[in-house]
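Participant: Quick one: the structure is below, and I'll ask about it shortly.
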Amino acid sequence: MKILLTYLFTAFALLVYGQKEKVELSISPDAFEIGEVFTITVTSTVQGNLEIENLPSSYVQDYSISQGSTQEVDYNSGVVTTLYYTSYSGIITKSGDYTIGPAWVKAGNKSYSSDKVDVKVSRKVSMNSGSVTAQQLNDPAFGVIECNKREIFEGEPLLLSAKIYSYYDPSHISSYQSYHLNGTIIKNPIGNSSNIKVVDERFKGKKLKAFDYDKNVIFPDVVGNFQIDPFKLNLHQGYKSFPITSSGLVIKVKPLPANPPNDFIGGAGSFNVERLIEDTAIAQGEVFKLILTIEGTGNLQNLEVPDLILPKGFVVYGDPTVNENFVITANGADGSVDYEYNIQATNFGKQSIPGTSVSYFDPDKEKYIRVLSDEVEISIEKDKKFQEQLEKQNLNSETEMIVHNADIRQKAEHVERGSLFGSAVYWTGVGIPVTAALFFLFFTRIKKRSEEDIRVKSIQKGRREELELCLKDLNDASTSDISGFFTKVEDALQLAMVYYHPDQEDRRYSKSEILDKLNSSGSNADRIGEILNTSENLRYGFGGGESLDIDSMRRDVIESIRSMNK
Amino acid sequence: MKSFVNILFLLSITFHSWTQASFEEGNKAYLDAKYDDALSIYEKVVEIDQTNVSAMYNLGMTHIQLKNYGDAIWAFESVLKLNPSDKQAEEQIFYAYTELGAINEWQHILGPFEKALFSISSKSWALFSVIFSVLFSALFILNLVKKNLIQQKYILLFCSSFLMLMILTGFISYKAQTFETGSKYAIVTSSKIDSFLNEKLTSKGPELTIGNRLQILREDTASKILEVIDVNDNLYFVHLEDIKAI
């Protein structure tokens, strides 16, 4: 027991002693362009030989090294600590992501190390100068606002810097007032502003001293002309100074094209999407984490939370946790944003989660780009208790109001479409039966008329025969039987009337009708009238039968009847 | 040999079986929540098989899942054009408008009576018309042939009724055909589009918002400008690419 306690105490003491000496490595800035000066600072509580591991081969150190020490007081314990620092400045000539460190401080036979530091070196962004007046060119020094683009899309990063030209070698600046951005746009400083590097440059054919200052990346949030007001400063050469007011600058901010895809997340730049599911073998009802990572360069800080579309059997709990891991570089926000979703698997079995798609706008290609993560299969083990609980919940929810039925139709149903009305088929279909009916009506009528004609002819034939027989009787009638003679005369006239009126039914005609008929046919109606009167006189006993010329009457009657058809 | 087999195989796939297979494939993608895949499949099916009302409905459902409410309204309006009495499509349109925050803005193109009539296709009405003409003619001929039947007056009654029905169904067929092929509508599927008050597009009208239904009066294919009226009978001119015709 004693031995164990001794070991533990020793280990604790070593741990405490080991933590007493510290070494810190810092790099400022941690994101910069190729050729841009940056500073590596090692701060330690112990003095010794300094060594920094993993410096890139493209690192070029300049001659400026500063060393010194400061003292820190811990006001709680009253302990005073001496910190030794060493700063190097230099440039990196190749773009990329670098991990520098650890830094080692060797004191005696002991070595103390720092943590490692990540830096991001981006490609040099070419800048365009703003306009310069002739007056400015004639001044000893002048300034322009530089930008990487004169026209950008909404959301696209814009790099701005103050560029100062002079005909003399400047020593320092004072009273600097930065260029002003209209609106509430945040400036994201780029590079090392404290370390100004003056270079020789040719500008409009003139050899000048020049340096960049106050480099910022901004993300204009307005569409249209974006005004940048001038910067001001005093440029010194020793005790002499010259006041500079630069020209302003107008940037055109174009709106994004209409009709963005439904999964557009507001990104402008170049991005990729990755998805990580921590555990692909889980139990039913278990909540697992799905991390959606959007990485790339652009306006990462302004992205909207992507909609996570999951199949049935997965429930997303709450809003995702957002972790931003990016740095602002000359090209915009560079790095990634993680969206961590908590998801519960409610079904069991092998479930496939389809890839998540997001769309962004690529300003270089000037179009929307859709990127898709991989599909993942999850194995979910059945949990009896959870399944029972789920089934109960489903039963209860069935009695509640159904908000939206998202079911699709499983069976393909077709709707009859096509123009039949007005087509030849339609008119044929309707026309043939109707025409057939009308034709049938027409033929029926013709047939009926034909039958009627035959019937009438037959009747007329009988009537004619009867009339001829009657006339023969009349012709043969004895002159002694006067009453019989007149009866035959009347019968003959009646038969003649019937015969010559084929369209009428058989009936007895009156005397006037007979006389009218005789008149109309040009017969001797008066003579027949006399005969009929005589007949009536004789029938009713009024006399007049003594001196009758029967033969003459017979002749006249027969002649009149025969002429009735005229 | 392989290509020969392939050709034979392709030949053996009939049009119907292809669309049916694609439709089922789209359904599977939808159920697997692969909505982008489902969308492209359904779009192909409805492009080729324009009478497949189920595919059009499922296309609308996919747009709903993808939150493309303007396109969803377009798809369900297309379903209603094919089958004006489709209750489910109406419910989905209401849902899409609810999601767009404009529930009271939608009304069926047809009134309830027309909706009921046009739920039967123009072709069917035309067929009814032909059937009634046959029945009318048959009874008419029967009436001529059999003069002394006791049911003569009933035959005449039916005969005249069939004549009336023949004319009526012919008229409905004509109206339904006009609705199916003559009337042209379109839906605004973007969040907002510009409208103009004159054909030269010099005078700007109000912005038309997603889900707006417009009746197309005239289409100038050369300049790609459409003369349209909105539900309040206001006349506008819009760009062809800004809207989606039903």
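Participant: State the answer as a single residue: which of A:N128, A:V456, A:S336 lies farthest towards the positive end of the charge dipole of the protein assembly as shown, with beta carbon charges of +1 for Lys and Arg and -1 for Asp and Glu, about the Cα centre.
Facilitator: Of the candidates, A:V456 comes out farthest on the positive side.
Participant: Here is a further query. Taking amide H positions as placed 1.01 Å from N in the peptide plane, with prolines and chain starts having none, which residues 5 or more places from A:G422, or on another chain, fall under 5 Å of its amide H?
Facilitator: HN-HN under 5 Å from A:G422: A:W427.
Participant: What size of dipole, in debye to the nearest 20, comes out for segment B:72-182 about its Cα centre when the only charges are +1 on Lys and Arg C-beta atoms and -1 on Asp and Glu C-beta atoms?
Facilitator: Details: 8 positive and 8 negative charges, 204 e Å.
It works out to roughly 980 debye.
Participant: Which percent of the accessible heavy-atom area of segment B:36-99 goes to carbon and sulfur, probe 1.4 angstrom? Please list the in-between numbers first.
Facilitator: Working: 930 of 2020 Å².
Result for segment B:36-99: 46 percent of the exposed heavy-atom area is carbon or sulfur.
Participant: Relative to the first principal axis of the alpha-carbon coordinates of chain A, what is the inclination of helix A:482-500, with its axis defined by its Cα atoms, in degrees from 0 to 90 and to the nearest 10?
Facilitator: 20 degrees
Participant: Starting from the 7 Å offset along Cα-to-Cβ, what nm value, one decimal, do you get for the label separation of A:T82 and B:L144?
Facilitator: Result for the modelled spin labels: 13.3 nm.
Participant: Still on this model: Could you tell me how many degrees, from 0 to 90 and to the nearest 10, lie between the Cα long axis of helix B:69-82 and the main elongation axis, the longest principal axis, of the Cα atoms of chain B?
Facilitator: With rounding to tens, the tilt is 10 degrees.
Participant: Taking K and R as +1 and D and E as -1, what net charge do the other residues with C-beta under 9 Å from the C-beta of A:K124 add up to? Working shown, then result.
Facilitator: Details: positive: A:R123; negative: A:E33, A:E36.
Its environment carries a net charge of -1.
Participant: May I ask for the angle, rounded to the nearest 10°, between helix A:511-520 and the longest principal axis of chain A, with both axes built from Cα atoms and the value confined to 0 to 90°?
Facilitator: The angle comes out near 80 degrees.
Participant: Moving on. Would you work out what percent of the accessible area of chain A, with all protein chains in place, is carbon or sulfur (probe 1.4 Å)? Can you show the working numbers first?
Facilitator: Numbers: 16200 of 32210 Å².
Answer for chain A: carbon and sulfur cover 50 percent of the accessible area.
Participant: With r defined as the distance between the Cβ atoms of A:K411 and B:S17 and R0 fixed at 22 Å, what FRET efficiency is calculated, to the nearest 0.05?
Facilitator: Working: r = 15 Å, r/R0 = 0.68.
It comes to 0.90.
Participant: I need to check one value: relative contact order of chain A, counting alpha carbon pairs closer than 8 Å and at least 6 residues apart, in percent. Please report the intermediate quantities before stating the final value.
Facilitator: On the way: 1055 pairs, mean separation 49.3, N = 566.
Once normalised by length, the contact order is 9 percent.
Participant: Something else: Counting Lys and Arg as +1 and Asp and Glu as -1, what is the net charge of the other residues whose Cβ lies under 10 Å from the Cβ of A:R554?
Facilitator: Spelling it out: positives minus negatives among the neighbours equals -3.
Participant: Next up: For A:T41 and A:S57, calculate 0.36 nm times their separation in residues minus their Cα-Cα distance, and state this gained length in nm to one decimal.
Facilitator: Extending this stretch completely gives an extra 3.9 nm.
Participant: Now for a separate question. Could you check the simple spin-label distance between B:Y154 and B:R218, using points 7 Å along Cα→Cβ, in nm with one decimal?
Facilitator: 5.9 nm
Participant: Ignoring ligands, DNA and RNA, how do A:S520, A:S423 rank by accessible area with a 1.4 Å probe, largest first?
Facilitator: Details: A:S520 90, A:S423 30 Å².
Ranked from most to least accessible, the order is A:S520, A:S423.
Participant: In what sequence, largest accessible area first, do A:I196, B:I48, B:I73 appear using a 1.4 Å probe? Write down the numbers at each step before the final one.
Facilitator: Numbers: A:I196 65, B:I48 85, B:I73 0 Å².
Sorted by accessible area, descending: B:I48, A:I196, B:I73.
Participant: So how much accessible surface do A and B hide from each other in total, probe 1.4 Å, in square angstrom to the nearest 100? Show your work: numbers first, answer last.
Facilitator: On the way: alone 34370 and 14790 Å², together 45070 Å².
Chains A and B together bury approximately 4100 Å².
Participant: Got a sec? Which residues of segment B:50-67 lose 10 Å² or more of accessible surface with every protein chain in place, vs. that chain alone, 1.4 Å probe?
Facilitator: Residues shielded by partner chains are B:T51, B:N52, B:V53, B:S54, B:Y57, B:N58, B:M61, B:Q65, B:L66, B:K67.
Participant: Now for a separate question. Can you give me the relative contact order of segment A:161-304 as a percent, contacts being Cα pairs under 8 Å and 6 or more apart?
Facilitator: Numbers: 237 pairs, mean separation 32.5, N = 144.
Worked out over segment A:161-304, it gives 23 percent.
Participant: Still on this structure, please answer the following. Report the rotationally averaged projected area of chain B based on its alpha-carbon convex hull, in square nanometres. Don't skip to the end; give the middle numbers.
Facilitator: On the way: hull surface 84.4 nm².
Mean projected area for chain B: 21.1 nm², to one decimal.
Participant: Are there chymotrypsin sites (Phe, Trp or Tyr not before Pro) in segment B:65-150 that DSSP puts in a loop and that have at most 15 other Cβ atoms within 10 Å, and which ones? Could the numbers behind the result be given before it?
Facilitator: Numbers: sites: B:Y69, B:W74, B:F76, B:F94, B:Y95, B:Y97, B:W106, B:F113, B:F118, B:W125, B:F128, B:F132, B:F136, B:F140; in loops: B:W106.
For chymotrypsin sites (Phe, Trp or Tyr not before Pro) across segment B:65-150 that sit outside H, G, I, E and B with at most 15 neighbouring Cβ atoms in 10 Å, the list is empty.
Participant: Still on this structure: Rg/Rh for segment B:170-246: what does it come to with C-alpha atoms and Rh from Kirkwood?
Facilitator: 1.03
Participant: Could you give the dipole magnitude of segment A:157-264 about its Cα centre, charging the beta-carbon of Lys and Arg +1 and that of Asp and Glu -1, in debye to the nearest 20? Walk me through the numbers before you get to the answer.
Facilitator: Details: 13 positive and 8 negative charges, 96 e Å.
For this selection, approximately 460 debye.
Participant: Once you charge only the Cβ atoms, +1 for Lys and Arg and -1 for Asp and Glu, what is the size of the charge dipole of the protein assembly as shown about its Cα centre, to the nearest 20 debye?
Facilitator: Details: 81 positive and 104 negative charges, 253 e Å.
Magnitude of the dipole: close to 1220 debye.
Participant: Right, another one. Have a look at segment A:40-141 and give its Rg and Dmax from the Cα atoms, expressed in angstrom.
Facilitator: Taking only Cα atoms of segment A:40-141, I get Rg and Dmax of 20.5, 66 Å.
Participant: May I have the extent of the alpha carbons of segment A:223-340 along their three principal axes, as whole Å values ordered from largest to smallest?
Facilitator: Its Cα atoms span 77, 38, 22 Å along the three principal axes.
Participant: Please report the relative contact order for chain B, taking Cα pairs under 8 Å with a sequence separation of at least 6, and give it as a percent rounded to a whole number.
Facilitator: Details: 343 pairs, mean separation 33.4, N = 246.
This gives 14 percent for chain B.
Participant: Over all distinct alpha-carbon pairs, what is the Kirkwood Rh of segment A:451-529 in angstrom?
Facilitator: Numbers: mean 1/r = 0.0739 Å⁻¹.
About 13.5 Å, per the Kirkwood formula over Cα pairs.
Participant: I've got another one for you. Quick check for you: with a 1.4 Å probe and neighbouring chains kept, what is the accessible area per residue of segment A:403-503, in Å²? Walk me through the numbers on the way to the answer.
Facilitator: Details: 6360 Å² over 101 residues.
Each residue of segment A:403-503 exposes 63 Å² on average to a 1.4 Å probe.
Participant: Which three extents, in whole angstrom, do the alpha-carbon atoms of segment A:166-277 cover along their principal axes, largest first?
Facilitator: Ordered largest first, segment A:166-277 gives principal extents of 61, 36, 30 Å.
Participant: Would you kindly compute the Cα radius of gyration of the protein assembly as shown and its largest Cα-Cα separation (Dmax), both in Å?
Facilitator: 54.1, 195
Participant: Quick one: which residues, 5 or more positions from A:I52 or on another chain, have an amide H under 5 Å from its amide H? H modelled 1.01 Å from N in the peptide plane, none for Pro or chain starts.
Facilitator: It is A:W104, by chain and number.
Participant: For segment A:270-346, report the accessible area per residue in Å² (1.4 Å probe, heavy atoms, rounded to an integer). Don't skip to the end; give the middle numbers.
Facilitator: Working: 3210 Å² over 77 residues.
I get 42 Å² per residue for segment A:270-346.
Participant: Name the residue from A:A258, A:S241, A:G313 whose Cα lies farthest towards the positive end of the charge dipole of segment A:222-329, charges +1 on Cβ of Lys and Arg and -1 on Cβ of Asp and Glu.
Facilitator: Projecting each Cα onto the dipole axis, the largest value belongs to A:S241.
Participant: Just to check I understand the Karplus step: with θ = phi - 60° and J = 6.51 cos²θ - 1.76 cosθ + 1.60, what whole-Hz values come out for segment B:186-194, glycine and proline as x?
Facilitator: Along segment B:186-194, the couplings run 8, 10, 7, 9, 8, 4, 8, 10, 7 Hz.
The values are calculated or read from the model by the stated rules, or taken from the named source; none is laboratory data. All values derive from a computational prediction rather than experimental measurement. A quick note on method: Cβ atoms are made from the backbone with ideal geometry, for glycine too, and the neighbour counts reach across all protein chains shown. Protein only, heavy atoms only, side chains kept; ligands, DNA and RNA dropped before computing areas. Shrake-Rupley method; radii C 1.70, N 1.55, O 1.52, S 1.80 Å.
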